[in-house]
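In what follows, a single structure is set out as structure tokens and then discussed.
The values are calculated or read from the model by the stated rules, or taken from the named source; none is laboratory data. Predicted model only: the values in this text are computed from it and were never measured. Here Cβ is always computed from backbone atoms with ideal geometry, including for glycine, and neighbour counts include all displayed protein chains. The accessibility values were calculated without ligands, DNA or RNA, using every heavy atom of the protein model including side chains. Shrake-Rupley method; radii C 1.70, N 1.55, O 1.52, S 1.80 Å.
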Amino acid sequence: MKTLKITIAPPLAFNEQGKRANNEDSIFPPLDQADIHSRLFMVCDGVGGAEKGEIASQIACQTISQFFAKYCPDFSNEEHVQKAVQIAQQEIEMYIKRHPEAQGMATTLALLHLHTQGATVAHIGDSRVYHIRNGKILYKTRDHTLVNEWLANEIITPEEAKNHPKKNVLVRALQGTNQQKAKAEVKLITDLQPNDYFLLCSDGVLEHLEDDTLCQILQSNNSLEQKIEVIKEYGRDINRDNYSAYLIALESVTDQPPLSTSIKAPASKPRTANYNQADKSSPTKAKKFQLLNLPKIKKAEATPQQDLNQIQPTNKSKKYVTLSVLAAILLLAGGLYAFFGSKEHVRTFKGHTAYVCSVVFFPDGRYALSGSGDSTLKLWDIPTGECLQTLKEHGGVVYSVAFSPNGRYALSASEDNTLKLWDPPTGRCLKTMKGHDNIVRSIAFSPDGRYALSGSDDFTLKLWDIQTGQYLKTLEGHKNIVRSVAFSPDGCYALSGSDDKTLKLWDLTTGQCLKTMQGHRDVVRSVAFSPNGRYALSGSDDITLKLWDLTTGQCLKTMEGHEGWINSVAISPDGQYALSGSVDKALKLWNIQTGQCLKTIEEHGGTVYSVAFSPDGRYALSGSLDKTLKLWDITK
């Protein structure tokens, strides 16, 4: 089967409220976050009005994009789409169970995925996908509406259908109900050519725009920017509905020889950032850190693992190794182990001149970001340990750092009372966000990358719009410093931990505190959501970790074992394990279900301030008072 290499012009989009009271449309990637490396695009039109249609459309975009990023980066078919839709419907249903007043919310879906075999197009409802070439529509999705059903069965005529009062009544939508689940209509398009256009749009775009007019706009000699503006102008000031669209223009489509099946391809590089220095690494080095299809963590199983630092290309001349040589290698390995330390230790990253407060993995695990008491952030290449970029503009300690979900941006929070938005490859500060009256201790990106959450010494949390740099809400209720904040996996809730010894669960739509969890006897320094959003983990100065049921607010489990207060906690991507870092200089790996400590790692020369799981759950990263970051293979 041929493999295609598709290049596109910078994708263009709009997401307009129209004359509605609120905007229930969501798009992916979020506005101004798509680039020429983007391959997945969605437009979702929320249904439900007061029933929170905008939440349904957001959940759909978030859940489906996460599924595609994990399971189908290079190819997708109907099975992939239906599975992603099923998961999105489950998430919507879970939200409705937590918020009965949202019963009835739903969303449409228009989806385009460009990949090595062509383009996968999918839709549910009346949001459309067009494939247009040379001013002609090659493919257009068929609206799932009641009027279209009547038209297909010849109950009404095309003239009657055009302005029928029930033309917007959907017969299929992505929703959370106990009824039969809606399936997407999916098409794989393999006939792609340069200068083809794909347009994804909600029905609001089509309120005053006919297909013939659309084709004329795209066939004109105007620039791509002018074309999207003309399409947008058809809805401006006269559109009753929200109206949103994505316009994607193909620049080139070329055949490539298929990948060799004898060699496993290394983990893919990030699509939304171009770390030029990392590309200089040799093929041998590029194989040293591979995150695909790695074994799950197992307790008390000594499964031999290949040392990342010892991987070498195979050579037939080395096929036969004598027992004496093998014995020498084993003795050497033993000596190296004794010299370098524990079997879990993979790499140490040096470069900061003060303690490392915060560490985080890049979304695909190839890079790391750190924040330090030296007022800088550093971007690291995981395979080589090289510092790729130092980000300098803060006027004080950088307490917290985060990558956007697509890896395009980084955020930091500082002693200078600000948040900063960065372009990591260049080290350029894009935006400084001001609003807190005191030190900003913690920050987090929303799952869709459009918002940020911060916690401060001014006792508040703030919700920020990344695009504008303005805060949208201030969440008040804590009686002391807010040390840690986290977004729920669906982006609808926030979790916070405070010096007032409590955790709080917040509804970000209303800004209201839903639950206050009490049980710690001292400062709560770190909090984390479980991947399914049902549980929370916290670490405290009372030297315990606690697992919480967010539905009831009850403490389910207390984990003890550290000898000093706990600075940082993290939950593995599969939700089975926890990491903690403490003032006792140790990292601990925990089985969440049993509450047992599976592993203690003590190699830092000072307090462990921050811990993080790699995206595959195999590796851990830690930052310490000793000015270093360390990478650990926690399966060993």
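So here's what we get for this one:
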| item | result |
| --- | --- |
| Unique residue being over 26 Å from D32 (Cα atoms) and either open to solvent by less than 10 Å² (accessible area, probe 1.4 Å) or not aliphatic (A, V, I, L, M) (or both) when the list is G427, G407, G373, G365 | G373 |
| N15, sole failed condition from (1) more than 20 Å from L206 (Cβ to Cβ); (2) open to solvent by 20 Å² or more (accessible area, probe 1.4 Å) | (1) |
| Any pair with Cβ under 9 angstrom, 6 or more apart, that starts in the range 224-246 at a residue that is modelled with pLDDT under 95 and ends at one that is open to solvent by 80 Å² or more (accessible area, probe 1.4 Å) and part of a helix (DSSP H, G or I) | none |
| Test: C61 is under 30 Å from G617 (Cα atoms), modelled with pLDDT under 90 and open to solvent by less than 10 Å² (accessible area, probe 1.4 Å) | no |
| Of residues in the range 454-486 being of a type in the set (A, V, I, L, M) and farther than 30 Å from L40 by Cβ, the one surrounded by the fewest Cβ atoms within 10 Å (Cβ to Cβ) | I481 |
| Test result for D32, part of a loop (DSSP other than H, G, I, E, B), at positive phi and either of a type outside the set (V, I, T) or open to solvent by less than 10 Å² (accessible area, probe 1.4 Å) (or both) | yes |
| Cross-chain or 6+ apart pairs with Cβ under 7 Å, the range 202-223 first and touching a residue at least 60 places away in the same chain (Cβ under 8 Å), then buried (at least 16 other Cβ atoms within 10 Å of the Cβ) and of a type in the set (G, A, S) | S202/S127; S202/S244; D203/S127; G204/G18; G204/G235 |
| Scope the range 106-132; condition open to solvent by less than 10 Å² (accessible area, probe 1.4 Å), part of a strand (DSSP E or B), of a type outside the set (G, A, S) and closer than 26 Å to N168 by Cβ; matching residues | T107, L109, L111, L112, V121, H123, I124, V129, Y130, H131, I132 |
| Residue in the range 551-569 that is surrounded by 24 or more Cβ atoms within 10 Å (Cβ to Cβ), aliphatic (A, V, I, L, M) and in contact (Cβ under 8 Å) with a residue 24 or more places away in the chain present | yes |
| Strands (runs of 3 or more DSSP E) wholly inside the range 560-636 containing at least 3 residues that are over 23 Å from V485 (Cα atoms) | 597-601, 628-633 |
| Residues (within 23 Å of D241 (Cβ to Cβ), part of a strand (DSSP E or B) and modelled with pLDDT of 90 or more) located in the range 1-18 | L12, A13, F14, N15 |
| Checking K183 against (1) assigned to a helix (DSSP H, G or I); (2) open to solvent by 70 Å² or more (accessible area, probe 1.4 Å); (3) touching a residue at least 12 places away in the same chain (Cβ under 8 Å), the condition it does not meet | (1) |
| Selection count where residues are open to solvent by less than 50 Å² (accessible area, probe 1.4 Å) and in a loop (DSSP other than H, G, I, E, B), scope the range 78-105 | 3 |
| Search result, residues across the range 212-228 that are surrounded by fewer than 13 Cβ atoms within 10 Å (Cβ to Cβ) and either in contact with a strand residue (DSSP E or B) (Cβ under 7 Å, 6 or more places away or on another chain) or not in a helix (DSSP H, G or I) (or both) | S220, N221, S223, E225 |
| Unmet requirement for G606, which otherwise passes all of (1) open to solvent by less than 20 Å² (accessible area, probe 1.4 Å); (2) under 15 Å from V346 (Cβ atoms) | (2) |
| Number of positions in the range 471-481 that are closer than 21 Å to Q33 by Cβ and in contact (Cβ under 8 Å) with a residue 24 or more places away in the chain | 1 |
| Which listed residue is open to solvent by 50 Å² or more (accessible area, probe 1.4 Å), at pLDDT 95 or above and within 30 Å of I36 (Cα to Cα), from Y451, Y399 | Y451 |
| Tally of residues being under 23 Å from V43 (Cβ atoms) and either of a type in the set (A, V, I, L, M) or assigned to a loop (DSSP other than H, G, I, E, B) (or both) across the range 133-160 | 9 |
| Selection from the range 487-503 of residues that are within 23 Å of the chain's Cα centre (by Cα), of a type outside the set (F, W, Y) and either open to solvent by 10 Å² or more (accessible area, probe 1.4 Å) or on the phi > 0 side of the Ramachandran plot (or both) | P489, D490, G491 |
| Residue list for the range 479-505, filter: more than 15 Å from M517 (Cβ to Cβ) and part of a strand (DSSP E or B) | F487 |
| Residues of the range 463-478 satisfying the condition of being aliphatic (A, V, I, L, M) and in a loop (DSSP other than H, G, I, E, B) | I466 |
| Every pair of residues 6+ apart whose Cβ atoms lie under 7 Å, when the first sits in the range 414-435 and is under 18 Å from C357 (Cβ atoms) and touching a residue at least 24 places away in the same chain (Cβ under 8 Å) while the second is open to solvent by 40 Å² or more (accessible area, probe 1.4 Å) and among the hydroxyl-bearing types (S, T, Y) | S414/Y399; E415/Y399; T418/T432; K420/T432 |
| Matching residues in the range 345-388 - criterion: being touching a residue at least 40 places away in the same chain (Cβ under 8 Å), under 25 Å from N417 (Cα atoms) and of a type in the set (V, I, T) | T353, V356, V359, V360 |
| Single condition Q576 does not satisfy, out of (1) farther than 23 Å from A402 by Cβ; (2) open to solvent by less than 40 Å² (accessible area, probe 1.4 Å); (3) not aromatic (F, W, Y) | (2) |
| Scan of the range 70-102 for residues that are aromatic (F, W, Y) and in contact with a His (Cβ under 6 Å, 6 or more places away or on another chain), ordered by number | F75 |
